[in-house]
Amino acid sequence: MPSPSKPLPADQAPLFEIAIAARRFIEPIWLEWHRHSGADHPAIASQGTCGRTSLFLQRVLSTQGFGANWVSGTPRSAPFEPEIGPYGFFCGQSWQSHAWVECGDFIVDITADQFGASPVLVVDRTDKRYNRGDRDAALPTFVLARQRAVDDIWPQWQRINAGGLKSSRMP
């Protein structure tokens with residue numbers, strides 16, 4: 001059971017440290033996910049993994065005592081359909097379906113590199129590149145698959161981090 005939420009520090013450093021550790025852990029898992037799906041390995045490994053990865057990151061942050069929420073935005077109902085709104089991640093040319101974590105006044109994202117951004121972002125929640133939708137647009141079977149994917153890797157994360165994450169906010 002996660003510890004009670006701690007107030008989010010004004011400094012982004014603890015969130016950034018946790019995000020870096022989570023990204024380092026999950027990068028090789030992306031390759032397994034791509035291989036398992038039968039899809040070709042994309043040029044950017046994080047491509048198509050934001051839902052599962054953000055759910056994993058949300059769990060990591062929650063177990064570290066942060067109030068973290070998984071959020072997403074989907075600008076169109078299908079790949080070749082017209083936009084229904086400016087939701088997801090704005091990559092400079094268009095809105096892309098995306099998922100990330102909101103933690104207090106911050107957005108924490110470890111898959112934005114699929115859109116040309118940095119591999120780890122901890123930015124103000126008002127960052128104009130992000131706009132949350134009003135619901136998770138995934139079908140229930142995909143929501144369940146996302147949860148199972150995180151449940152499958154969680155024991156490995158716990159073993160690796162049995163001593164706890166090293167963070168500047170810890171003594």
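Determine, yes or no, whether V120 is without any contact (Cβ under 8 Å) to a residue 60 or more places away in the chain and among the β-branched types (V, I, T). I'd like the intermediate steps shown before the answer.
Details: without any contact (Cβ under 8 Å) to a residue 60 or more places away in the chain: no; among the β-branched types (V, I, T): yes.
The answer is no for V120.
Take E17 and decide whether it is farther than 20 Å from V150 by Cβ and touching a residue at least 60 places away in the same chain (Cβ under 8 Å).
Spelling it out, E17 is indeed farther than 20 Å from V150 by Cβ and touching a residue at least 60 places away in the same chain (Cβ under 8 Å).
Can you pull out the residues in the stretch 97-118 that are modelled with pLDDT of 95 or more and surrounded by fewer than 18 Cβ atoms within 10 Å (Cβ to Cβ)?
Matches in the stretch 97-118: D113, G116, A117, S118.
Pick from R23, R52: which is basic (K, R), within 18 Å of A149 (Cα to Cα), open to solvent by less than 30 Å² (accessible area, probe 1.4 Å) and in a helix (DSSP H, G or I)? Step through it out loud before you land on a result.
Details: R52 fails: open to solvent by less than 30 Å² (accessible area, probe 1.4 Å).
Result of the check over R23, R52: R23.
Can you spot a residue in the stretch 141-163 that is open to solvent by 50 Å² or more (accessible area, probe 1.4 Å), in a loop (DSSP other than H, G, I, E, B) and in contact with a helix residue (DSSP H, G or I) (Cβ under 8 Å, 6 or more places away or on another chain)?
Taking every residue of the stretch 141-163 in turn, none turns out to be open to solvent by 50 Å² or more (accessible area, probe 1.4 Å), in a loop (DSSP other than H, G, I, E, B) and in contact with a helix residue (DSSP H, G or I) (Cβ under 8 Å, 6 or more places away or on another chain).
Could you please let me know if D40 is loosely packed, with under 13 Cβ neighbours inside 10 Å, out of contact with any Lys or Arg (no Cβ under 7 Å at 6 or more places or on another chain) and in a loop (DSSP other than H, G, I, E, B)?
yes
Of everything in the stretch 63-96 that's small (G, A, S) and in a loop (DSSP other than H, G, I, E, B), which residue is most open to solvent (accessible area, probe 1.4 Å)?
If we take residues in the stretch 63-96 being small (G, A, S) and in a loop (DSSP other than H, G, I, E, B), then S77 is most open to solvent (accessible area, probe 1.4 Å).
Within the stretch 128-140, can you find the residues that are surrounded by 15 or more Cβ atoms within 10 Å (Cβ to Cβ) and part of a loop (DSSP other than H, G, I, E, B)? First the steps, then the outcome.
Restricting attention to the stretch 128-140, the residues satisfying the condition of being surrounded by 15 or more Cβ atoms within 10 Å (Cβ to Cβ) are 129-133, 136-138.
Listed by number, the residues that qualify are R129, R132, G133, D136, A137, A138.
With the requirement that a residue be among the small types (G, A, S) and in contact with a helix residue (DSSP H, G or I) (Cβ under 9 Å, 6 or more places away or on another chain), what does the stretch 85-129 give you?
Here is the first cut: in the stretch 85-129, the ones among the small types (G, A, S) are 85, 88, 92, 94, 97, 99, 104, 112, 116-118.
Those that are among the small types (G, A, S) and in contact with a helix residue (DSSP H, G or I) (Cβ under 9 Å, 6 or more places away or on another chain): G92, S97, A99, G104, A112, S118.
Is there any pair with a first residue in the stretch 133-150 that is modelled with pLDDT under 95 and a second that is among the basic types (K, R) whose Cβ atoms are under 8 Å apart and which are 6 or more apart or on different chains, and what are they?
A138/R146
Considering the stretch 24-64 alone, what residues qualify as being within 17 Å of D152 (Cβ to Cβ) and among the polar types (S, T, N, Q)?
Answer for the stretch 24-64, where residues must be within 17 Å of D152 (Cβ to Cβ) and among the polar types (S, T, N, Q): S37, T49, T53, S54, Q58, T63.
Yes or no: F80 in contact with a Leu (Cβ under 8 Å, 6 or more places away or on another chain) and aromatic (F, W, Y)?
No: the conditions fail for F80.
Looking at A45 and the list (1) open to solvent by less than 60 Å² (accessible area, probe 1.4 Å); (2) under 20 Å from D136 (Cα atoms), which single condition is not satisfied?
Of the numbered conditions (1) open to solvent by less than 60 Å² (accessible area, probe 1.4 Å); (2) under 20 Å from D136 (Cα atoms), the odd one out for A45 is (2).
The values are calculated or read from the model by the stated rules, or taken from the named source; none is laboratory data. The structure presented is a predicted model; accordingly, all values stated were derived computationally and were not measured. Note: ideal-geometry Cβ built from the backbone for every residue, glycine included; neighbour counts use all protein chains shown. Keep in mind that these areas ignore ligands, DNA and RNA; they rest on the heavy atoms of the full protein, side chains included. Shrake-Rupley method; radii C 1.70, N 1.55, O 1.52, S 1.80 Å.
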